[in-house]
Amino acid sequence: MEHDGTALRSGSGAALGFARALSEDITAFVLGENLEAMAGEAAKLAPVLVADHPALAAPVADRWAHVIAEVARAQNAELIVATSTTWAKDIVGRAAGLLGGAMASDVIGHEMVDGELHLRRPMFAGAVNATIVLEGSPKIITVRPSAYDAPTAATTPFTIEAVATDAFDVEKLPNATQFESLDRKTGARPDVTEARIVVSGGRAFKNSEDFEQHVGGLADALGAATGSSRALVDAGITPNSLQVGQTGKIVAPELYLALGISGAVQHLAGMKNSRVIAAINQDPDAPIFEFADYGLVGDVYEEVPRLIAELNSSQ
Ligand SMILES: Cc1cc2nc3c(=O)[nH]c(=O)nc-3n(C[C@H](O)[C@H](O)[C@H](O)COP(=O)(O)OP(=O)(O)OC[C@H]3O[C@@H](n4cnc5c(N)ncnc54)[C@H](O)[C@@H]3O)c2cc1C
């Protein structure tokens, strides 16, 4: 279960949801320091195992991967699941290497075929969806946050157990990487990779002020994160951290609003697994409309202020 040091990350329930779809015998594993609140949250969803230690305070990949691998071995875990995030890419991939198992990342669906687990995952920047079978044990899988729902919270919390003190040897924790600092984003908007709703803007917006007023304004009216196409990042209108796409962030929110974005394949690679896609574009032939569940042909400079006013008046 991934957390930010104070609360579980919203997408981490997807990993448990996937695990629960395969087995009743699941454990939520939380590691870090001062985990009481996060363990309590996780215990609403599944029995919890915690590795709470000052040496694990920062999510340094070589340490966390080492502990995940040790605990997975001690538990005889057949399946290790995490939600597919920037952190998981670093940490869980390493744990898979240590465990010598078979790994699939970015899973968006599964089915059992004659008792065999078939996993669906995008490949080649989302150009194809491959169905794969993992050979070997344990299996290590990361799932896209929007692909699975968290299990329903139980009325009576599950148990919380600390890992046995000898499950990992603090003295033997890898020491090659030291944690320096984490620059947290200031401002009230959620991170684009974690938000339930993402409002993204493209080249239709002529400057940073217009972007902030329209894309930022709509995001605030919806409690959403802002995202951007690369065209705006390259033009210096939006920061790199907002870029969605093949060379930016991969997002899969419940709702993705594409404002003045054409729908280039490299942008689609980062958002096409969103649950619902809605687009506003003045070109009725824009490729984004082929992928959008809802489309509005119009000028973002007219339609977006109208939407913001509508949303604000209904709140
Ligand atoms: C190797 C590589 C990697 C890349 N990685 C990424 C990536 O990670 N993310 C990414 O986004 N791109 C990426 N790109 C760039 C990508 O190919 C496109 O150039 C880019 O996505 C286009 O951004 P856009 O849709 O904002 O701009 P455009 O393609 O120029 O589209 C602008 C759209 O806005 C519409 N429009 C204009 N004015 C208005 C208005 N007033 N009202 C309504 N609609 C309007 C137009 O009809 C048009 O459809 C990559 C390219 C390469 C080669």
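Provide a single number: the residues in the stretch 303-314 that are over 15 Å from Val215 (Cβ atoms) and free of Cβ contacts under 8 Å to residues at least 12 places away in the same chain.
Adding up the residues that qualify gives 4.
Considering only residues that are open to solvent by less than 80 Å² (accessible area, probe 1.4 Å) and touching a helix residue (DSSP H, G or I) at 6+ places or on another chain (Cβ under 8 Å), which ones fall in the stretch 159-189?
Those that are open to solvent by less than 80 Å² (accessible area, probe 1.4 Å) and touching a helix residue (DSSP H, G or I) at 6+ places or on another chain (Cβ under 8 Å): Val163, Ala164, Ala167, Phe168, Val170, Leu173, Pro174, Thr177, Arg189.
Being assigned by TED's automatic domain parsing to the domain that holds Asn207, more than 9 Å from the ligand (Cβ to nearest atom) and touching a residue at least 60 places away in the same chain (Cβ under 8 Å) is true for just one of Asn273, Asn281. Which residue is that?
After ruling out the rest, the residue left standing is Asn273.
Please find, within the stretch 208-235, the residue that is farthest from Leu255 (Cα to Cα) out of those that are within 13 Å of the ligand (Cβ to nearest atom) and not small (Gly, Ala, Ser).
Asp234
Give the residues of the stretch 118-130 that are surrounded by fewer than 17 Cβ atoms within 10 Å (Cβ to Cβ) and either in a strand (DSSP E or B) or not assigned by TED's automatic domain parsing to the domain that holds Ala19 (or both), sorted by residue number.
His118, Arg120, Met123, Val128, Asn129, Ala130 - these are the residues of the stretch 118-130 that are surrounded by fewer than 17 Cβ atoms within 10 Å (Cβ to Cβ) and either in a strand (DSSP E or B) or not assigned by TED's automatic domain parsing to the domain that holds Ala19 (or both).
Confirm whether Gly217 is farther than 16 Å from Gly295 by Cβ and either out of contact with any strand residue (DSSP E or B) (no Cβ under 8 Å at 6 or more places or on another chain) or open to solvent by less than 10 Å² (accessible area, probe 1.4 Å) (or both).
So Gly217 passes the test.
For the subset of the stretch 196-206 comprising residues that are surrounded by fewer than 24 Cβ atoms within 10 Å (Cβ to Cβ) and more than 13 Å from the ligand (Cβ to nearest atom), which member is farthest from Ala286 (Cα to Cα)?
Arg196
Answer yes or no: is there a residue in the stretch 251-270 that is charged (D, E, K, R) and modelled with pLDDT of 95 or more.
no
I need the full set of residues from the stretch 245-266 which are crowded, with 24+ Cβ neighbours inside 10 Å, near the ligand (Cβ under 6 Å from one of its atoms) and without any contact (Cβ under 8 Å) to a residue 60 or more places away in the chain, in order please.
Gly245, Gly260, listed by residue number.
To keep it simple, each residue is scored yes or no on (1) free of Cβ contacts under 8 Å to residues at least 12 places away in the same chain; (2) in a loop (DSSP other than H, G, I, E, B).
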| site | (1), (2) |
| --- | --- |
| Tyr148 | no, yes |
| Thr155 | yes, yes |
| Phe168 | no, yes |
| Gln178 | no, yes |
| Asp183 | yes, yes |
| Val192 | no, yes |
| Val199 | no, no |
| Asp210 | no, no |
| Ala219 | no, no |
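Quick check on my filter: what residues within the stretch 1-59 are β-branched (Val, Ile, Thr) and within 19 Å of Val163 (Cα to Cα)?
Ile26, Thr27, Val30, Val48, Val50
The values are calculated or read from the model by the stated rules, or taken from the named source; none is laboratory data. Note that the structure is predicted; figures quoted are calculated from it, not measured. Because the Cβ atoms are built from the backbone with ideal geometry, glycine has one as well, and the counts that use them run over all protein chains shown. Side chains included, ligands, DNA and RNA excluded: accessible areas come from the protein's heavy atoms. Shrake-Rupley method; radii C 1.70, N 1.55, O 1.52, S 1.80 Å.
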